[in-house]
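These notes concern the structure reproduced below.
The values are calculated or read from the model by the stated rules, or taken from the named source; none is laboratory data. For clarity, every value in this text was computed on a predicted model and none was experimentally measured. Every residue, glycine among them, receives a Cβ derived from its backbone with ideal geometry; neighbour counts consider all protein chains shown.
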Amino acid sequence: MTAITTAMVLAAGLGTRMRPLTDHMPKPMVEVGGRSMIDFALDRLADAGVATAVVNLHWHADVLERHLVGRTRPRLLLSDERGALLETGGGIRKALPLLGNEPFFVMNADTIWIEGIRPNLATLAARFDPQAMDICLLLAAAATSIGYDGRGDFLMDGEGRLTPRPERLTVPFVYAGAAVVSPAVFADAPEGSFSLSRLFRRAADAGRLFGQRMEGVWMHVGTPEAIAEAEEAIARSKD
């Protein structure tokens, strides 16, 4: 397996459900346990051997840019979306010249989890097989995730191949905000704004969307009220 040394960190969203905290800062800068969520994400990537991370900017871009100035591990490159919000897929497509030609991590800047025995990003990278997969997602168990009350995102078969949740059904696994992606999936992607979920569905239709179940506990910190629940879970994990 070739080591994955590059990552795309998605930090441009508006964070509307996190208001009023995001009235004056981007959501990834909201703190959980005294540390911003984007620093949790960047620390995970650095520990996984990522040398270069591309971070996209839009909402309160200047505030986030100032926050990131002091970081050296991983080395950061900024993809400026001040002019137009491109969503997750469009943001990655714009940043492709900075990401190179090899598979890379994609990570939501506001995703946060408590590690299990094995580091999840290292396990995810080891799972990725470019011969069989276009995308491999880190998945959490919907029933045991902190702060999550949705109906799940994916079904997974015995080989790890994923099917997006059929309408009206509840499924076991939720996307935990981290993935390994082959840049080839963007070869005919549209210009402008579009969601990465479009490419997830297309990879699933081709039988090339796979998942890796995470160890530990994933926390969905989507609202101000969810912060205390996440902090309590982190505190319990240290007891």
Any chance Phe210 is in a helix (DSSP H, G or I) and closer than 19 Å to Ala7 by Cβ: no
Restricting the range 55-102 to residues that are among the basic types (Lys, Arg) and either in contact with a Phe, Trp or Tyr (Cβ under 7 Å, 6 or more places away or on another chain) or within 19 Å of Thr16 (Cα to Cα) (or both), the residue that is surrounded by the most Cβ atoms within 10 Å (Cβ to Cβ): Arg93
Residues of the range 157-216 satisfying the condition of being surrounded by fewer than 19 Cβ atoms within 10 Å (Cβ to Cβ), of a type in the set (Gly, Ala, Ser) and out of contact with any Ser or Thr (no Cβ under 8 Å at 6 or more places or on another chain): Gly158, Gly160, Ala184, Ala187, Ala189, Gly192, Ser193, Ala206, Gly207, Gly216
So Arg66, is it closer than 24 Å to Ser182 by Cα, out of contact with any strand residue (DSSP E or B) (no Cβ under 9 Å at 6 or more places or on another chain) and of a type outside the set (Phe, Trp, Tyr): no
Pick from the range 14-24, criterion of a type outside the set (Ser, Thr, Tyr) and under 19 Å from Thr88 (Cα atoms), ranking: surrounded by the fewest Cβ atoms within 10 Å (Cβ to Cβ): Arg17
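The rows are residues; the columns are (1) under 17 Å from Ala41 (Cβ atoms); (2) small (Gly, Ala, Ser); (3) at pLDDT below 95.
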{"site": "Leu76", "(1), (2), (3)": "yes, no, no"}
{"site": "Phe105", "(1), (2), (3)": "yes, no, no"}
{"site": "Thr111", "(1), (2), (3)": "yes, no, yes"}
{"site": "Arg118", "(1), (2), (3)": "no, no, yes"}
The range 130-149: number of residues that are touching a residue at least 60 places away in the same chain (Cβ under 8 Å), in a loop (DSSP other than H, G, I, E, B) and either in contact with a helix residue (DSSP H, G or I) (Cβ under 9 Å, 6 or more places away or on another chain) or within 30 Å of Glu102 (Cβ to Cβ) (or both): 5
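Output the number of residues of the range 163-189 satisfying the condition of being without any contact (Cβ under 8 Å) to a residue 60 or more places away in the chain and in a loop (DSSP other than H, G, I, E, B).
10
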Residue satisfying all of: in the range 10-19; in contact (Cβ under 8 Å) with a residue 40 or more places away in the chain and of a type outside the set (Lys, Arg); farthest from Leu77 (Cα to Cα) among these: Met18
